[in-house]
Amino acid sequence: QVQLVESGGGLVQPGGSLRLSCAASGIMFRIYAMGWYRQAPGKQRELVARITSSESTNYADSVKGRFTISRDNAKTTVFLQMNSLEPDDTAVYYCHVEALPYWGQGTQVTVSS
């Protein structure tokens with residue numbers, strides 16, 4: 001059974017930082033690209049960052065230079081370090097196994113003063 005469990009969300013002030021984690025089980029983690037997506041109220045889910053099995057990365061233009069995606073294959077975990085957070089970053093963040101129909105339950109990130 002595939003499970004993706006996100007953690008690390010919360011309430012943070014503008015300019016603050018959060019680190020999201022997504023622990024995966026039930027898949028051969030190291031061979032899959034992993035993605036972080038987000039969905040704000042009334043908006044479509046969008047890709048935030050993606051990391052391949054060879055650790056190539058790509059980012060949405062809106063988060064370049066502020067967010068960093070990484071992975072630890074030994075711990076079957078993917079991370080999203082989010083710095084210089086802005087109110088527009090407020091959303092539910094999901095991790096996803098690229099090329100497979102598996103999503104985590106999501107973790108809420110709220111950026112507000």
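The values are calculated or read from the model by the stated rules, or taken from the named source; none is laboratory data. Just so you know, these numbers come straight off a predicted model, no measurement behind them. Every residue, glycine as well, gets a Cβ built from its backbone with ideal geometry; the counts of neighbours run over all protein chains shown. With ligands, DNA and RNA removed, areas are computed over all heavy atoms of the protein, side chains included. Shrake-Rupley method; radii C 1.70, N 1.55, O 1.52, S 1.80 Å.
Where does the longest stretch of the chain lie that holds no trypsin sites (Lys or Arg not before Pro) found in a DSSP loop with 16 or fewer other Cβ atoms within 10 Å? With a cap of 16 other Cβ atoms within 10 Å, the longest stretch comes to 67-113.
In the context of the full set of protein chains, region 72-112 has a per residue accessible area of 45 Å² (1.4 Å probe). Of the residues 59, 102, 93, the one that moves most in a GNM of the chain with alpha-carbon contacts below 10 Å is 102. For residue 33, the residues 5 or more places off, or on other chains, whose built amide H falls under 5 Å of its own are 53, 98. Here is the list for region 15-113: GluC sites (Glu not before Pro) lying in DSSP coil, each with at most 12 other C-beta atoms within 10 angstrom of its C-beta, are 55.
Note on the chain: with neighbouring protein chains present and a 1.4 Å probe, carbon and sulfur make up 47 percent of its accessible heavy-atom surface. The local environment of residue 62, defined by Cβ-Cβ distances under 15 Å, has a net charge of +1 under the rule Lys, Arg +1 and Asp, Glu -1. The H on the amide N of residue 48, modeled in the peptide plane, is under 5 Å from the matching H of 36, 37, 38, each at least 5 residues off or on a different chain. For the chain, modelled as a GNM with alpha-carbon contacts under 10 angstrom, which of 88, 61, 72 fluctuates the most? Between 88, 61, 72, it is 61 that shows the largest mean-square fluctuation. For residue 112 and residue 58, the FRET efficiency from 1/(1 + (r/R0)^6), where r spans their Cβ atoms and R0 equals 30 Å, is about 0.60. In the elastic network of the chain, a GNM with C-alpha springs shorter than 10 Å, the most mobile of 11, 80, 20 is 11.
Working note: Karplus 6.51/-1.76/1.60 with θ = phi - 60° gives region 97-113 the couplings 8, 4, 6, 10, x, 10, 10, x, 7, x, 9, 7, 10, 10, 10, 7, 9 Hz, where Gly and Pro are set to x.
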